[in-house]
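Structure first, then comments.
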Amino acid sequence: MARLLLLLEHKENARLLYEWLSEKYEVIFPGEPQRLGDSFDLGILDGPALDRLAGMVAARKKGEEPLFLPFLLVTSRQNVGFVTRHLWRTIDEIILTPIEKVELLARVEILLRARRHSVEAENRYFALANSSPVGVAIFQDEQIVFANEIFRQLHHEVLGAGKAEKVSKLLLAAYPPGGKTSEMGYRMELETKTGTRWLQCSDREITYRGRPATLRVVMDITQDILYEHELKQLSQRILDAQEQERRHIALELHDQIGQMLTAIKIGLQAVARTAESLPQTTAQQLEASIQTTEKALQQVRSLSLNLRPSMLDDLGLLPTLRWYIDQQARQSSLPIRLQTNLSDSRLSSTIETVCFRVIQEAITNALRHAQATQIMVSLYQEKDWLIVTIADNGTGFDVKAASQQATEGHSMGLVGMRERVVMAGGSFQIESSPQQGTTIHARFPLDIALPTYSMKETKS
Ligand SMILES: Nc1ncnc2c1ncn2[C@@H]1O[C@H](COP(=O)(O)OP(=O)(O)OP(=O)(O)O)[C@@H](O)[C@H]1O
Ligand SMILES: [Mg+2]
């Protein structure tokens, strides 16, 4: 049953209203001294009462927000100026004296309906928050004034604390609300008894019960972070293994096949020295075989160097790049330029390998797909960053479509480049548009500790 608070100084009116309204509603009078602390759904007052209590009424209305707490003023026709000052600020509706019973009941009912709608809306909001699969809480005046079930569970679990107030205190200390509003939200790391937990949070400034508050939505993403971490480690291991395998094959090619081909060539050359005693056709065949062997030797060498130039381990990035670019430029008859402010001093083996592989793939792509007439590689150190760009003036391509195809497994190059750079803590970007060519940008922080590619052979 709706509860009405009567604040009428006019005794006769008070008696009359009580008589009419108590048939249908619970009607109460404020205790002494007059306070508006009781709970009620509609306040009815007259001019003198409003004059005295205007401040309290305004505060009480504000304190109830977002709920609507209506006040009805009983006044005479002469008091229009007074009413205008108060309407909407403190009072929501008026009824003129002499009071008509039907009119009074109609106005009371309308105001109570408005009140009911606002209560229902707030209940729906809380029901929604409580059935949400993510944690929802409202922070106000350094307290948690609302927390849904998931939020409470999350923080009991996360903090391992028993009492709600303790959790609330720990939480406020751990991540005070405010100042961190962003579309994407932010990640919080919480140290708990059972280890580190990660929370994805998002804060919004709202008005709650008439005052500023922070609405926080929280998701436990610890498991996702752990998977992400495992996945990164796995990718790192795959890249590591790939480098080792390439190095191994490169060495085998160079040391085994290369040596054998050299031996064959030396043998053939020894036979050729006795050419005078050989028939002319045999001597010609012999010379052709020596040349074929020489070609095979060159190919084995080039294959081995492309797989993993031992130069990269022995001399470092810059000499290897100079050699590689020179070799590619000669083979393709294209000008490939290298600009750099790096000295020949060594970088970490991870950065050297990643840079070399990215530049190698970008040049290969430019030669294979771009029909470019020139390629420019630049490698600059700016403070603690290494900035690499590879630009061609070729056909360009649809980066979005190619990246999509690449992630579906149609190609390895673009995905591999990005993955290597990100793994080394860097960022990667491709700029390309039709007929404007393609530029690959990669940046690496030089000062962070990185896992290094182990260059030792794995023992089997
Ligand atoms: N510099 C470039 N200019 C024009 N098109 C390019 C360039 N780089 C890449 N592409 C386009 O993007 C596609 C994907 O490149 P990606 O390197 O992933 O694969 P790929 O070179 O075809 O094969 P691989 O897996 O051997 O590298 C290419 O097939 C090509 O169409
Ligand atoms: Mg490629």
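Below is a table of values for the structure above.
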quantity	calculated
Pair list, Cβ under 7 Å, 6 or more apart: region 1-24 residue in the same structural domain as Ile44 (by TED's automatic domain parsing) and more than 22 Å from Ala54 (Cα to Cα), other residue of a type in the set (Gly, Ala, Ser) and buried (at least 17 other Cβ atoms within 10 Å of the Cβ)	none
Pair list, Cβ < 7 Å and 6+ apart or interchain, from region 399-412 residues that are on the phi < 0 side of the Ramachandran plot to residues that are of a type outside the set (Ser, Thr, Tyr) and within 13 Å of ligand 2 (Cβ to nearest atom)	Val399/Ile430; Ala402/Leu414; Ser403/Leu414; Ala406/Leu414; Ala406/Val415; Thr407/Val415; Ser411/Gln405
Pair list, Cβ under 8 Å, 6 or more apart: region 358-370 residue more than 7 Å from ligand 2 (Cβ to nearest atom) and assigned to a helix (DSSP H, G or I), other residue among the acidic types (Asp, Glu) and modelled with pLDDT of 95 or more	Ala366/Asp392; Ala370/Asp392
Helices (runs of 4 or more DSSP H) within region 248-342 that include 2 or more residues surrounded by 12 or more Cβ atoms within 10 Å (Cβ to Cβ), small (Gly, Ala, Ser) and outside the structural domain of Gln371 (by TED's automatic domain parsing)	258-272, 280-307
Search result, residues across region 377-404 that are out of contact with any His (no Cβ under 9 Å at 6 or more places or on another chain) and within 7 Å of ligand 1 (Cβ to nearest atom)	Asp392, Gly396
Within region 124-216, strands (runs of 3 or more DSSP E) holding 2 or more residues that are modelled with pLDDT of 75 or more and within 23 Å of Glu65 (Cα to Cα)	135-140, 143-147, 195-208
Any hit, region 419-434, residues being touching a residue at least 24 places away in the same chain (Cβ under 8 Å), touching a Gly at 6+ places or on another chain (Cβ under 8 Å), within 16 Å of Ala329 (Cα to Cα) and more than 7 Å from ligand 1 (Cβ to nearest atom)	no
Filter pass, Thr407 being within 11 Å of ligand 1 (Cβ to nearest atom) and more than 25 Å from Gln327 (Cβ to Cβ)	yes
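The values are calculated or read from the model by the stated rules, or taken from the named source; none is laboratory data. The model shown is predicted, which means the values in this text are computed figures rather than measured ones. Cβ coordinates were reconstructed from backbone atoms using ideal geometry, including for glycine residues, and neighbour counts include every protein chain displayed.
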